[in-house]
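Q: Sharing a structure here in C-alpha cells format.
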Amino acid sequence: MGRSLVSFAAAILLIAVGAAPAFAEEKPANGTVTITTGPGVLPAWTSADIAIVGISPGSVTTSRFSTSATITLPIVAKTGTANATAGGFRILNTSDGTSFSCRIPTVDTRARVVDCVTDSGYNTALFVITDIGNRERFNSATTATTIFQDMEMRLSAIGASVLNARLDTSVFSTSVRSATGELIVSRDR
C-alpha cells in the first residue's frame, strides 16, 4: 500500500512537471482600445465632483452634451491574451484635488480584466469584462489582427473600493455597467 501511494504521487508529480504551462512571449503590437462610460455614469461622477482625464499618449474625450467620456489608448505590446497600452487615465476629485491614476492599462481578454499600475506602483484589476459581444480575427501574410467589440465592463470590487476610499466619495459601484469597450490589436505574424 505504501509503495503504491509513493508511485502514485511520483506519477502525479511527473504529469504536473510535464504539463507546466509555457510562458507567452511579449511581442510588439499596435492598435487601440477605447473605453466609453456607460449611460448615467459620467453625469453621476460630475455631480459628485469626479472628473476623468487622459495620461499621454492616452486621451479622454467627452461627448457633446457631457453624457459620456471615451478613453482612447494605443496598444504597444501583446503577451498571449494580454494587450498592453501606453499612457493611461486619471480619475480625480475636483473639489479636493485627490486622484487615482490608471497607468499603462493592460486589457486581458481571457482573464477578462483591465489591469492598471497605480500611483503606488502596484497593479490592480480596475475593471472586470463581464461580456464580449463580438470577436473577429483577420490574418494576412504579414499580420494578425483581432477585434473585440461590445465589451461590457464593471468596476471590480477592489476597484470600486479603492476609488471610493482614495477620492473620498461613494459614487463608484460594481452594480452598474461602468463602461463598454472595443479593442483592435495587430501584430506581426
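Q: Out of all the residues in segment 132-146, which are surrounded by 12 or more Cβ atoms within 10 Å (Cβ to Cβ) and under 14 Å from Thr180 (Cα atoms)?
A: Correct list: Ile132 only.
Q: Can you confirm whether Thr32 is buried (at least 16 other Cβ atoms within 10 Å of the Cβ) and either of a type outside the set (Phe, Trp, Tyr) or modelled with pLDDT under 95 (or both)? Let's see the steps before the verdict.
A: Numbers: buried (at least 16 other Cβ atoms within 10 Å of the Cβ): no; either of a type outside the set (Phe, Trp, Tyr) or modelled with pLDDT under 95 (or both): yes.
Answer is no for this residue.
Q: Another question, if that's okay. Across segment 47-62, what is the total count of residues that are in a loop (DSSP other than H, G, I, E, B) and within 14 Å of Ile35 (Cα to Cα)?
A: 1
Q: On to the next question. Those residues that are buried (at least 16 other Cβ atoms within 10 Å of the Cβ) and more than 16 Å from the chain's Cα centre (by Cα), I need them from segment 61-79; list them, please.
A: Across segment 61-79, the qualifying residues are Ser68, Ala69.
Q: Looking at segment 152-168, is at least one residue modelled with pLDDT of 95 or more and under 26 Å from Lys27 (Cβ atoms)?
A: yes
The values are calculated or read from the model by the stated rules, or taken from the named source; none is laboratory data. Since the model is a prediction, treat every value here as computed from it, not as a measurement. Methodologically, a virtual Cβ is constructed for each residue, glycine included, from the backbone with ideal geometry; neighbour enumeration extends over all protein chains shown.
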